[in-house]
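Structure, as structure tokens:
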Amino acid sequence: MVKQESESANRPDNTAFTQQRLPAWQPILSAGIVIPGFVLIGLAFIGIGVALLVTSRSIQVLELDYTGDGNGSPCSSCSQSTTVNCKCSLNFTLDTLFQGPVFFYYGLSNYFQNYRRYGASKDDNQLYGDLSYFTSPSSSCSPYDYDGSKNPIVPCGSIANSMFNDTFTLTRTVSGKTDSVPLDGKGIAWWTDYNVKYRNPSVTPLKNAFNGTVKPIDWAKPAYELDTSDASNNGFVNQDFLVWMRRAALPNFRKLYRRIDASGDYQNGLPAGNYTIDITYNYPVRVFNGAKKVVFSNVSWMGGKNEFLGIAYLVIGSLCVVMSVVMLIVYAKFKFPDEE
Amino acid sequence: RTFNLSFRYANNAIKTSKYNIFTFLPLNLFEQFKRLANAYFLFLLILELIPQISSLSWITTGFALIVVLSITGVKDAIDDINRHKCDRQVNNRKVDVLMDGQLKNEKWMNVQVGDIVKLGNNEFVTVTSERNSPLNLVYVDTAELDGETNLKVKQALTVTGELGDNIEALAAFNGEVRCEPPNNRLDKFKGTLTVNGERYALDNDKVLLRGCTLRNTEWCFGLVIFGGPDSKLIQNSGKSMFKRTSIDHLTNILVLCIFGFLASMCSILTIGNAIWERNEGSVFTMFLPREPGIDAPLASFLIFWSYVIVLNALIPSSLYVSVEFIRLGNSFFIDWDRKMYYPKNDTPAQARTTTLNEELGQIKYIFSDKTGTLTQNIMTFNKCSINGKAYGDLYDFSGQRRTERVDFSWNNLADPKYNFHDHSLVEMVRSGNPETQEFFRLLSLCHTVMPEEKKEGELSYQAQSPDEGALVTAARNFGFVFRSRTPETITVVEMGRQVIYELLAILDFNNMRKRMSVIVRSPEGKLTLYCKGADTVIFERLHPSCNKLMEVTTDHLNVSDGLRTLVLAYKDLNENYMIDWKQRHHEASVAMEGREEKLDELYEEIEKDMMLLGATAVEDKLQDGVPQTIEQLAKADIKIWVLTGDKQETAENIGYSCNMLREEMKDVFNQMMIVFCQSEAVTAYEFFPHPQGARPPLWEPLHYGVLTDDLTPIPSSLHHQAFALEKNLRLELLRTACMCQTVICCRVTPLQKAQVVQLVKKYKQAVTLAIGDGANDVSMIKAAHIGVGISGQEGMQAVLSSDYSFAQFRYLQRLLLVHGRWSYIRMCKFLGYFFYKNFTFTLVQFWYAFFCGFSAQTVYDEWFITFYNMVYTALPVLGMCLFDQDVNDRWSLQHPELYAPGQKNQYFNKKAFVSYLIHGCYCSLIIFFIPWASMNDAVRNDGKDIVSHPSFAFLLQTCLLAVVHTQLCVDTYYWTAVNHFFVLLSTIGYFAISVTMYSNGMFYVFTSSFPLIGAARNTLNQPIVWLTIFLTFLLCILPVVAIRFIFIQLRPTINDKVRYKMRTEELPGPAPRHLLRRRSTRSGYAFSHSQGYGDLVTSRKFLMKRSTKRAPLFTQTDSSIFQNQPQHYRTIAEEAEESQSHKL
């Protein structure tokens, strides 16, 4: 019937598409592909796992909790008082060189920066430097949009209001002599945040832009005075502010505080010696069972220390190999008959 | 006209469209929101607009809803535009209308009630109308209305008939019609016409209905009574029942389950939130104060609704749209299939319903009509036995098929389409053998066929039944051309010589007599009775001198290979006896009491001592490929029941010829056949082997006879009764029938067909398919899950009410085994994958809840949520579900057993659903916890932190898409270029869209809408991110691959086997078409007359009507023979015959 090529109006087109004869690749899960595939993937995983683990092991991390829970800990007095700018210090000793570049983090745990209402409590337009949002902050900032006397708060919202306000200085004691370790606070935030997302209004001096607004309730200083030492590190583009505003996805997180400035003695990182961290203790975490810590770490090509990934790769790689053996046995034993 | 217009009758314009430009939007939206899913999304949208609850911007749902609504809206709009076009086409047809004293060509829609219209031959009747015509008689064919193609006679009132075609008279005609209000009864009409103060009754015989076609009538004038929507055709085009597939039902149930699942998840999270608020939130207030006026319990309550929003993707909004889309695509593939296109009448297969495709892959029972479905309803004169010599065997002694046709060119009146292969018969006729000539003379005289000769030599016959047509056509080719008839004469061209016979009487056929005779006087004055009928009946009435011939003929009949046979006989009559007989016949026919009995006696008296001439065998031609198709379907474990109105012998015969019944069935346990019939004589046959094999006669009529309503126990373990359908033995019947391999039901009325279908549907919970071609199959087509119409000869009624239609029965195997199976697999894959991907997507959010204080914080970016179903994953899954084939069509046909999983509903059921749920759960765990573990405290390789919410979200999104796309790749069996393209497009599209959305530009333009700037850039350049993605997705995919591999090895399904085989072997050739030589020696003793309306015969109503219609053809007004006719030929026949004779 296909032969008949008469003119028929209703005759369907003879194309591969309409006749469902499109050329196609029809893979099937044959032993020749699956078993070697598993072996290869397994071996590759083991390889990657080893590399990751080795890299991860080479990374040095130093974590120091300074919440001040126990009575013995150095900051326990500060953690119990409500004194502003309470001082305490932590001591630690490095036996060997802490290979640089070294990064100095602060960490919080059980802190829900990812809580929905918390996360929404900011005004992107305001932070982008749009002056019209200075006088009327978005309602999403509520209750930190206006203060008690109906003055607009800038920067508004819970995130800004709850900005981390402990400060740290690091000193090294070498043979009785104390030497303050140079810390670099430049470029610790994302480039996109610093250059694109956050912007100060183009008003000079910056202070004038904030006329008629009040600082966030829990802040000690207004936004334009965050860094007295560097005029360009103020307002919304203050690096510490930017780091804080990049809210963490998980309740336990660490945020970059400073980099150890690789200069002088610290060219190669933190040399061996006794170190003291002087802490200005302001941030209350014990009320919500949180914890605070400082972390020193260096990084590799894969970022910070990450044991999990290496182990996971190793385990899964091995499982793949085991699986391929199992499949081989099954295949050899039960290989389904060609004839039904 | 103006007067009539004032009444505002419905005009003749019809409107099937639903909307116009202005009403489209509101009405269509209203229609759409009546659907549960859409209403649900509207509800979500409202929730999202409440700021306290809204955990997502309203755009996410709004976007999906708008896309869904607009796709459906466009589809509805296209449908409606088509309907508008259709309406316009019908409304703009032209008809002659009598206006202001002359005929004007008007559009249909401008015809008004009260107009007088003129109709010509072969035109559709415009309106329900009452009319007059030449000789007051109109022949119509009502194929469009009820599927009957035979001619019906309609007759005008004499008072209007007298007007003739006199335009002035018609224009001046002034009358008033009073009639019943519009209704949908096709067989009833009541009204009166008042002309000049006189009232005339109008009944159904005096109106023409819209949808009829005028035949054999030059012109006719009619008065329009009902127009457009009031006409009976439109009133009758009832809304067909909306059919849903079992998958649809299952999906709806599952969606409800998911609702429950959603509610319980939200409850868990609400409780979690309450606990969190008490333990953590209450002490966290210094960073995050509570909103004013909302205390902890209320906050938790609001969280419930917030999570309803967050987790709403469990109930996929695009599910229904995509399902419709896939079905539509698969329907198009059916429409486009060239292997289901029948070139002879240019008919492609047609999926008239686009919502039932996957059901085609689950058919368990097929109910088939016989006539026109299994058979072509074309009879061919195939064999005969004349005077003890058989002719026409297609096979000579060496078993070779004779191929060369007999050349009939010597006969210029021969029908060129006629085939005959035995040359000896022609030689016999041409040599003037008297028996042979007498044989064909009988065929040319003894029948009720009407000839039509439009041009000299171009004869065509209008036969009551195809059998008769076949016989008369045969006689025509063998040189006995039936040329024309008048009520008193029959003109036959005998071997080129015109002979006019005087027709003295027709002793018509009926069911009890099983024969018909004519009495004619030849030009030489010889009186002869010619009789044809069933062998049993005729043999009883033969002259004893024929005994020997009778034996020979009986032998011939017994090897007639399932053909429909008739025995022919004649008798010379004595002039005196004839006069006497006619006198008695006249008396009998006017007798007031026992008229029929008296007539029967008379017939009996004259039809005896006849001389045997021979026998004819007519082949009821099966359609091409029917036995092979049935064999294939049987291999696919589909049960085929034949439901036919025919008699048992015929049905049985067809059973043998199409391979449903086989001789060897008698020996095999548990194969049997039941033929149950219903009419006055009910036969219940069982073909049931005794379990112990103790009873040797297996093929035994267990019960035969006239049944009354009381139940006669059958002497076997089974009690079953022909009245089973009405009685409480239904189940017994069903049980018995289901044990049989083959079930043939005969003598079934249309209603019973539907009852049988419903019986199986109800008690077997199986998917049923009914296939038929005629109006009598409509009920069964509508009753079954899927109705298939054969677009063949018997009118369009079956096709119009069917879901699928094609031209040949054999396409059924392709429809089911290829398209049905594919559609089913595709739909199952789609649903499974769709649920899987949405579970995975949503459950990740569920796990995240435990890490964000149950605050209904979404783990993904809002834009991702918006685009996930609609953009990122929409195309690949559509690609898979439109093109996927596990094995191609040839392999599907080669291995009908591939069909079985569909029947058992193996690919998508509750169990499968649970497995998808578990799979989704597993994947979501991996997708959440692997990144969680590897990102905990992770930093970038420049020391900056990375675990910010946007970058974590971006990581999870990427993992999720990698996993679901790869899963799709694993599921796809058939990778066409389109699939490759879709998968690539979606993957690249995802990255492109993400990078764009997180770009500076978007942030500059829409600051508040795209706050996640930089997430992509700052994440994708980290090796640790890529390593995590890689790990996550392999961990999701590898177990699936391993498990599938092991299952293929351990417990391969039939699909795996065939796929494996396909790999290793070459493509099979087209399925072998072995020609099965029928092995049966049973012959059907079919009578030409019962064929064609056997099913109608069973319902007495039709029979009655039929008789009145048949009558006019043989009745005569003023000849004495008229008196001889049975009394039920009513008087209206007078005019009928009058016109007939004039026309001739």
What single numbered condition from (1) assigned to a loop (DSSP other than H, G, I, E, B); (2) among the hydrophobic types (A, V, I, L, M, F, W, C); (3) closer than 28 Å to A:Y281 by Cα fails to hold for A:A160?
-> (1)
Identity of the residue in segment B:1035-1052, more than 7 Å from chain A (Cβ to nearest Cβ) and not aromatic (F, W, Y), that ends up nearest to B:C921 (Cα to Cα) | B:C1036
Across segment B:626-652, which residue is surrounded by the most Cβ atoms within 10 Å (Cβ to Cβ) among those that are modelled with pLDDT under 70 and over 24 Å from B:Q758 (Cα atoms)?
-> B:T650
Candidate set: segment B:969-979, residues that are free of Cβ contacts under 8 Å to residues at least 60 places away in the same chain and at the interface with chain A (Cβ under 8 Å from one of its Cβ atoms); chosen: the one nearest to the chain's Cα centre (by Cα) = B:W975
Working only within segment A:127-141, note down all residues that are over 17 Å from A:V203 (Cβ atoms) and either open to solvent by less than 50 Å² (accessible area, probe 1.4 Å) or of a type in the set (A, V, I, L, M) (or both).
-> A:P137, A:S138, A:S140, A:C141
Of the numbered conditions (1) β-branched (V, I, T); (2) within 30 Å of B:I1013 (Cα to Cα); (3) surrounded by 23 or more Cβ atoms within 10 Å (Cβ to Cβ); (4) touching a residue at least 40 places away in the same chain (Cβ under 8 Å), B:T966 satisfies every one except a single condition; which is it?
-> (3)
Taking segment B:1021-1036 on its own, how many of its residues are crowded, with 17+ Cβ neighbours inside 10 Å and without any contact (Cβ under 8 Å) to a residue 40 or more places away in the chain?
-> 1
Could you give me the residue pairs with C-beta distances under 7 Å whose first residue belongs to segment B:984-1010 and is without any contact (Cβ under 8 Å) to a residue 40 or more places away in the chain, whose second residue is among the acidic types (D, E) wherever it lies, and which are 6+ apart or on separate chains?
-> B:T1007/A:D124; B:S1008/A:D124
Scan segment A:133-150 residue by residue and report those that are touching a residue at least 12 places away in the same chain (Cβ under 8 Å) and either away from chain B (no Cβ under 13 Å) or over 28 Å from the mean Cα position of the chain (by Cα) (or both).
-> A:F134, A:T135, A:S136, A:D147
For segment B:474-488, how many residues are open to solvent by 10 Å² or more (accessible area, probe 1.4 Å), in a strand (DSSP E or B) and touching a Leu at 6+ places or on another chain (Cβ under 6 Å)?
-> 1
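Okay, residues lined up against (1) surrounded by fewer than 16 Cβ atoms within 10 Å (Cβ to Cβ); (2) assigned by the TED database to the domain that holds B:A474; (3) within 20 Å of B:E468 (Cβ to Cβ); (4) at pLDDT below 80:
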site: B:D407; (1), (2), (3), (4): yes, yes, no, yes
site: B:H421; (1), (2), (3), (4): no, yes, no, yes
site: B:S424; (1), (2), (3), (4): yes, yes, no, yes
site: B:E438; (1), (2), (3), (4): no, yes, yes, no
A:V330 is checked against (1) at the interface with chain B (Cβ under 10 Å from one of its Cβ atoms); (2) crowded, with 21+ Cβ neighbours inside 10 Å and fails just one. What number does that condition carry?
-> (2)
Within segment B:556-572, the residues that are at pLDDT below 85 and open to solvent by less than 60 Å² (accessible area, probe 1.4 Å) are B:H556, B:L557, B:S560, B:D561, B:G562, B:L563, B:R564, B:T565, B:L566
Enumerate the pairs (first residue in segment B:373-392 and free of Cβ contacts under 8 Å to residues at least 60 places away in the same chain; second residue anywhere and part of a strand (DSSP E or B)) with beta-carbon separation below 7 Å, excluding pairs fewer than 6 apart on the same chain, so at least 6 apart or on different chains.
-> B:Y391/B:K383; B:Y391/B:C384
Would you confirm whether any residue within segment A:118-136 is outside any helix (DSSP H, G or I), in contact with a strand residue (DSSP E or B) (Cβ under 6 Å, 6 or more places away or on another chain) and of a type outside the set (K, R)?
-> no
Among the residues of segment A:54-73, count how many are out of contact with any Lys or Arg (no Cβ under 6 Å at 6 or more places or on another chain) and open to solvent by 70 Å² or more (accessible area, probe 1.4 Å).
-> 6
Within segment B:583-592, identify whether any single residue is of a type in the set (D, E, K, R) and open to solvent by less than 70 Å² (accessible area, probe 1.4 Å), and answer yes or no.
-> no
Please enumerate the residues belonging to segment B:867-887 that are touching a Leu at 6+ places or on another chain (Cβ under 9 Å) and closer than 18 Å to B:F63 by Cβ.
-> B:Y868, B:N869, B:Y872, B:T873, B:L875
Within segment B:329-360, track down each residue that is without any contact (Cβ under 8 Å) to a residue 60 or more places away in the chain and either touching a Phe, Trp or Tyr at 6+ places or on another chain (Cβ under 8 Å) or open to solvent by 10 Å² or more (accessible area, probe 1.4 Å) (or both).
-> B:F332, B:D335, B:W336, B:R338, B:P343, B:D346, B:T354
Going through segment A:231-271 one residue at a time, which ones are over 24 Å from the mean Cα position of the chain (by Cα) and open to solvent by 40 Å² or more (accessible area, probe 1.4 Å)?
-> A:A231, A:S232, A:S263, A:G264, A:D265, A:Q267, A:N268
Counted residues in segment B:894-904 being surrounded by fewer than 21 Cβ atoms within 10 Å (Cβ to Cβ) and in contact (Cβ under 8 Å) with a residue 12 or more places away in the chain come to 4
Hey, could you check segment B:513-524 for residues that are part of a loop (DSSP other than H, G, I, E, B) and either free of Cβ contacts under 8 Å to residues at least 60 places away in the same chain or out of contact with any Asp or Glu (no Cβ under 9 Å at 6 or more places or on another chain) (or both) and say which is least open to solvent (accessible area, probe 1.4 Å)?
-> B:S522
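Rundown of residues vs (1) within 12 Å of another protein chain (Cβ to nearest Cβ); (2) modelled with pLDDT of 85 or more; (3) open to solvent by 50 Å² or more (accessible area, probe 1.4 Å), yes/no style:
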{"site": "A:P152", "(1), (2), (3)": "no, yes, no"}
{"site": "A:S162", "(1), (2), (3)": "yes, yes, no"}
{"site": "A:R172", "(1), (2), (3)": "no, yes, no"}
{"site": "A:S175", "(1), (2), (3)": "no, no, yes"}
{"site": "A:D179", "(1), (2), (3)": "no, yes, no"}
{"site": "A:N208", "(1), (2), (3)": "no, yes, yes"}
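With the structure loaded, tell me whether B:I930 is within 14 Å of chain A (Cβ to nearest Cβ), under 23 Å from B:V1041 (Cβ atoms) and open to solvent by less than 50 Å² (accessible area, probe 1.4 Å) or whether it fails that test.
Numbers: within 14 Å of chain A (Cβ to nearest Cβ): yes; under 23 Å from B:V1041 (Cβ atoms): yes; open to solvent by less than 50 Å² (accessible area, probe 1.4 Å): yes.
Considered against the rule, which asks whether it is within 14 Å of chain A (Cβ to nearest Cβ), under 23 Å from B:V1041 (Cβ atoms) and open to solvent by less than 50 Å² (accessible area, probe 1.4 Å), B:I930 comes out as yes.
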Please work out which one of (1) more than 8 Å from chain B (Cβ to nearest Cβ); (2) part of a helix (DSSP H, G or I); (3) within 19 Å of the chain's Cα centre (by Cα) is the condition A:F308 fails and give its number.
-> (1)
For residues that are modelled with pLDDT of 85 or more and at the interface with chain A (Cβ under 7 Å from one of its Cβ atoms), scanning just segment B:1002-1027, find the one that is farthest from A:I28 (Cα to Cα).
-> B:Q1022
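The values are calculated or read from the model by the stated rules, or taken from the named source; none is laboratory data. Because the structure is a prediction, the values reported are computed rather than measured. A quick note on method: Cβ atoms are made from the backbone with ideal geometry, for glycine too, and the neighbour counts reach across all protein chains shown. Ligands, DNA and RNA are excluded from the accessible area calculation, which covers all protein heavy atoms including side chains. Shrake-Rupley method; radii C 1.70, N 1.55, O 1.52, S 1.80 Å.
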